[in-house]
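Notes follow once the structure below has been shown.
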Amino acid sequence: MAVFTEVSDKAAKALLKRVPLGDFVSLRGIEGGIENTNYFLTTSQGEYVLTLFERLRADQLPFYLYLMKHLAKAGIPVPEPQADGKTGDILLQVEGKPAAIVGKLPGKSQLAPQAAHCQSLGEVLARMHQAALDYPRQQPNLRGLPWWNETVPVVLPYLDTATAELLRSELAYQNHVAQSSAYTALPRGPVHADLFRDNAMFEGDTLTGIFDFYFAGVDTWLFDLSVVINDWCIDLATGAIDKARADALLAAYQAVRPLQACERELLNAMLRAGALRFWISRLWDFYLPREASLLKPHDPTHFERVLRERLATPYQLV
């Protein structure tokens, strides 16, 4: 959510003539994140988030935007994209970039989650996976294994020998896992794939919304679950799993959708996969950054620690 493309008040006012959300009040760039340009757009009717897509192509974006509409109609708390008043399109254009406007969710991000927050998230995550099953559009996880295989050779020259060997070794392991019969059997469908602490809102212990679906794609539900555990259920300083939080999240998830035998078998492999995916992307963003206002690349060593912890201490599923 850095600002790569500057949007003027004039452009925002012109946009509101097409998308009937009231009169323009203010526009403020959002700091944080590294993929798209995001602004808080305040109008006489309320608060919205304006996103300009910097990497995703216009032909890729309908998958994400209509997935959000699909989930919202199914009762999942996600922001619903707003449409052009004349054409009905939810894929817009601002400053020459594909764009979207969604409602601003109530509540605030819970950056120090406790077991109760993880329990609420686990229940909604399972309902979200089930609600997406009949979503008709198809698009792979664009940051999945093929992207890892393409990107690792690009970042390896920046790493010391020991770190590079860990990266190569884990990538080889994940390629091996992907060829197994257990992996082939994993249930899958549209997933969020980036559900970190700052991509959800809470009021007290209650989850009020999940947002930022722009890494979503068809992948295994277990991978999505593992990404969540690796952020919501760990000690940030060490990367170690907080078992109380992880147990609470998984118990709530399984109360809605029990894990299959193949998922239980590969949980630790997918926890490693989730750590690897974000280690690779953070290495890429750190060593090959793009220019942007408010851009602060994430520390790639965080997910290196998480991966080392998953290798050293496998999670014991209850």
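Okay, here's what the table says:
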read-out	value
Scope the range 61-102; condition of a type in the set (G, A, S) and open to solvent by 20 Å² or more (accessible area, probe 1.4 Å); matching residues	A72, A74, G75, A83, G85, G88, G96
Filter pass, A237 being part of a helix (DSSP H, G or I), of a type in the set (A, V, I, L, M) and surrounded by fewer than 19 Cβ atoms within 10 Å (Cβ to Cβ)	no
Among (1) modelled with pLDDT of 95 or more; (2) among the charged types (D, E, K, R); (3) open to solvent by 40 Å² or more (accessible area, probe 1.4 Å); (4) more than 20 Å from R197 (Cα to Cα), the one test that K108 misses	(4)
Matching residues in the range 250-282 - criterion: being over 17 Å from the mean Cα position of the chain (by Cα) and open to solvent by less than 10 Å² (accessible area, probe 1.4 Å)	L250, Y253, E263, L267, A269
Scan of the range 297-318 for residues that are farther than 22 Å from V152 by Cβ and open to solvent by 30 Å² or more (accessible area, probe 1.4 Å), ordered by number	T313, P314, Q316, L317, V318
Hits in the range 5-46 (condition: open to solvent by less than 50 Å² (accessible area, probe 1.4 Å), of a type in the set (V, I, T), modelled with pLDDT of 95 or more and not in a loop (DSSP other than H, G, I, E, B))	T42, T43
Of the criteria (1) open to solvent by 10 Å² or more (accessible area, probe 1.4 Å); (2) in a helix (DSSP H, G or I), which one L222 fails	(1)
Cβ pairs under 6 Å, 6+ apart, first in the range 215-227 and free of Cβ contacts under 8 Å to residues at least 60 places away in the same chain and within 12 Å of Y253 (Cα to Cα), second open to solvent by less than 10 Å² (accessible area, probe 1.4 Å) and not in a helix (DSSP H, G or I)	L222/L186
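The values are calculated or read from the model by the stated rules, or taken from the named source; none is laboratory data. The model shown is predicted, which means the values in this text are computed figures rather than measured ones. We place every Cβ from the backbone using ideal geometry, glycine too, and count neighbours over all the protein chains shown. Side chains included, ligands, DNA and RNA excluded: accessible areas come from the protein's heavy atoms. Shrake-Rupley method; radii C 1.70, N 1.55, O 1.52, S 1.80 Å.
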